[in-house]
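First up is the structure itself, then whatever we jot down about it.
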Amino acid sequence: MNIAENLLQIKKELPESVRLVAVSKLYSGLMIMEAYNTGQRIFGENRVQELLSKRELLPKDIEWHFIGHLQVNKVKYIVPFIHTVQSVDSLKLLEYINKEAAKLDRTIHVLLQVHIAEEKHKFGFYFEELISVFDKIQVNSFPHICFSGLMGMATLTKNKAQISGEFSKLSDFFKKVKADYFAANADFNTLSMGMSEDYQLAIGKGSTMVRLGSKIFGTRYLKL
Ligand SMILES: *Cc1c(COP(=O)(O)O)cnc(C)c1O
């Protein structure tokens, strides 16, 4: 199987309501071009330096999504071109993105990352924490942020019931937040959940965006 065939197969199975992010971290620019040449335009990266060097060489109509933990001091490097930051995990980061985007008069799409996994080292807001953030902020006081939805990663486990349970909770929470805080905001429509090993479960629970790396590109081999 090659990248183009993998993509074709995946796109055949994906419901129309689900968008595909090709997670290209640790894969080469040539491999990204193979995916690009099949029509794929949304790519996800999780390290700023790697993203900057790839972006330099690759077509400018790629829609880049940042999907890793982002330090506030690095925000300024990606704001000139990033489409979506899927991994906003603090109010401070939200404020920095808004501030840097204001300087360039850009609007950055943002997904708030929610901590649903068992592993403590994973990033993201806990449910209650995110509610208190929404209670505290006025979303319109971030004029350069487009609040687009939520993102979450399930626990790395073979236990499908556990993964499904985590996706289910996130999906219920998404609906609640959408109704309570974004009822008037049609942009808040993305629930990014599901990776190569668990995306079918995620789709079953209402995911609207899956982030697939190894399922498209195979084993990661670049060492950075
Ligand atoms: C690496 C990564 C993915 C893709 O992982 P695969 O298992 O290769 O599909 C998805 N989301 C995030 C946040 C990641 O860091």
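Amide hydrogen proximity for Val88: with H placed 1.01 Å from N in the peptide plane, the residues at 5 or more positions away or on another chain lying under 5 Å are Leu111, Gln113.
Please arrange Leu130, Leu170, Leu57 by how many other C-beta atoms lie within 10 Å of their C-beta, fewest to most.
Values: Leu130 20, Leu170 26, Leu57 10.
So the residues, fewest neighbours to most, are Leu57, Leu130, Leu170.
Legend: ranking of residues Arg55, Arg211 from fewest to most surrounding C-beta atoms inside 10 Å; resulting order Arg55, Arg211. Under a GNM of the chain (C-alpha, springs under 10 Å), which listed residue has the highest mean-square fluctuation: Gly124, Gly204, Gly213? Between Gly124, Gly204, Gly213, it is Gly204 that shows the largest mean-square fluctuation.
Share of antiparallel DSSP beta bridges in segment 3-217, in percent to the nearest 5?
0 percent
Each of His121, His83 has some number of other Cβ atoms within 10 Å of its Cβ, and from fewest to most they run His121, His83.
Phi angles of segment 51-67 translate, via the Karplus equation with coefficients 6.51, -1.76, 1.60 and θ = phi - 60°, into HN-Hα couplings of 4, 5, 5, 5, 4, 3, 8, 9, x, 7, 8, 5, 8, 8, 10, 8, 10 Hz per residue; Gly and Pro are given as x. For segment 84-167, chymotrypsin sites (Phe, Trp or Tyr not before Pro) meeting the loop criterion (DSSP other than H, G, I, E, B) and having at most 11 other Cβ atoms within 10 Å: Tyr126. The distance between label points at Asn140 and Ala183 comes to 1.6 nm (points 7 Å beyond Cα on the Cα→Cβ vector).
Cross-link list Lys74/Lys175; Lys12/Lys178; Lys54/Lys103; Lys25/Lys215; Lys136/Lys169: which exceed 21 angstrom alpha carbon to alpha carbon? Present the calculation step by step, with values, prior to reporting the outcome.
Numbers: Lys74/Lys175 32 Å; Lys12/Lys178 29 Å; Lys54/Lys103 24 Å; Lys25/Lys215 13 Å; Lys136/Lys169 23 Å.
From the list (Lys74/Lys175; Lys12/Lys178; Lys54/Lys103; Lys25/Lys215; Lys136/Lys169), the Cα-Cα distance tops 21 Å for Lys74/Lys175; Lys12/Lys178; Lys54/Lys103; Lys136/Lys169.
Residues considered: Glu34, Glu13, Glu166. Largest GNM mean-square fluctuation over the chain, using C-alpha springs under 10 Å, is found at Glu13. The alpha carbon centroids of segment 1-47 and segment 134-154 are separated by 27 Å. The aspartates and glutamates whose alpha-carbon is closer than 17 Å to the alpha-carbon of Lys205, local same-chain residues fewer than 8 away aside, are Glu13, Glu16, Glu166, Asp172, Glu197.
3J(HN,Hα) along segment 176-187, derived from phi through the Karplus expression 6.51 cos²θ - 1.76 cosθ + 1.60 where θ = phi - 60°, amounts to 5, 4, 4, 5, 7, 10, 10, 4, 9, 10, 5, 5 Hz, with x in place of Gly and Pro. Model label points for Glu13 and His69, set 7 angstrom from Cα along the Cα-to-Cβ axis, are 3.1 nm apart. Taken one residue at a time, the phi angles of segment 71-87 give Karplus couplings (6.51, -1.76, 1.60, θ = phi - 60°) of 7, 4, 6, 9, 3, 4, 6, 9, 4, x, 9, 5, 8, 9, 9, 8, 10 Hz. Gly and Pro are set to x. Taken along its three principal axes, the alpha carbon spread of the chain comes to 49, 44, 32 Å, from the longest extent down to the shortest.
Where a number appears in this text, it was derived from the coordinates with a stated rule and is not lab data. Since the model is a prediction, treat every value here as computed from it, not as a measurement. Using ideal geometry, Cβ is built from the backbone for each residue, glycine included, and neighbour counts are taken over all protein chains shown.
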